[in-house]
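Q: Quick one: the structure is below, and I'll ask about it shortly.
All of the numbers you see were taken from the coordinates with simple rules; none came from a lab. No experiment lies behind these values; they were computed from the predicted model shown. So basically every Cβ, Gly included, is an ideal-geometry build from the backbone, and we count neighbours across all protein chains shown.
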Amino acid sequence: MQVKKQAPDLIARTKAFSLAAIHFYSRMPRQTVAQILGRQLLRSATSVGAQYREARRAKSTADFISKTEGALQEVDEAGYWLELIQDSGIETDSSLDALRAEARKLLEPISYIGA
């Protein structure tokens, strides 16, 4: 039987990721394009922690996997919006780099132990 090894701080990390995205968005330029991309980022980044918390209350293994996959999809989407924001030149500060790095880390495969 395989047992999932979870990082004990995943709830805190997903919440911190959401808060960092909120603070990043609040400092973005007020241009229309920047605000549209920023809102997309805000929606996906803040959804990550909510979906992970929901997964922890799953009714079955299949439900847990489904909800965790939803959280991973939101992290990946947030990474996409961060790429667009950076590549378009709308924003290039170090907090963007930190958000992108954390999105990549949150997408790293979960380790499994057992046989």
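Q: When we measure straight from the Cα of residue 105, which aspartates and glutamates land under 18 angstrom away, once same-chain ones fewer than 8 places off are left out?
A: Within the straight-line limit of under 18 Å, residue 105 reaches these aspartates and glutamates: 9, 69, 74, 76, 77, 83, 97.
Q: While we're looking at this one, here's another question. Using the reciprocal of the averaged 1/r over all distinct C-alpha pairs, how large is the Kirkwood radius of the chain in Å?
A: Working: mean 1/r = 0.0677 Å⁻¹.
It works out to 14.8 Å.
Q: Explain nothing, just the number: relative contact order of the chain, from Cα pairs under 8 Å at least 6 residues apart, as a whole percent. List each step's numbers first, then the result.
A: On the way: 123 pairs, mean separation 41.7, N = 115.
So the answer I get is 36 percent.
Q: Size of the dipole of the range 10-108 about the Cα centre, Lys and Arg at +1 and Asp and Glu at -1 on the beta carbon, nothing else charged, in debye to 20? Before the final figure, lay out each step's value.
A: Values: 14 positive and 13 negative charges, 102 e Å.
The dipole magnitude comes to about 500 debye.
Q: Among residues other than residue 91 whose Cβ falls under 13 Å from its Cβ, what is the net charge (Lys/Arg +1, Asp/Glu -1)? Before the final figure, lay out the partial values.
A: Details: positive: 27, 30, 100; negative: 83, 87, 93, 97.
Value of the local net charge: -1.
Q: I've got another one for you. Taking the Cβ of residue 53 as the center, what net charge do the other residues with Cβ under 14 Å away carry, scoring Lys and Arg +1 and Asp and Glu -1?
A: Numbers: positive: 13, 15, 56, 57, 67; negative: 9, 54, 63, 74.
Net charge around residue 53: +1.
Q: What is the angle, in °, between the Cα long axis of helix 10-26 and the longest principal axis of the Cα atoms in the chain? Nearest 10 is fine, range 0 to 90.
A: Once rounded, one gets 10 degrees.
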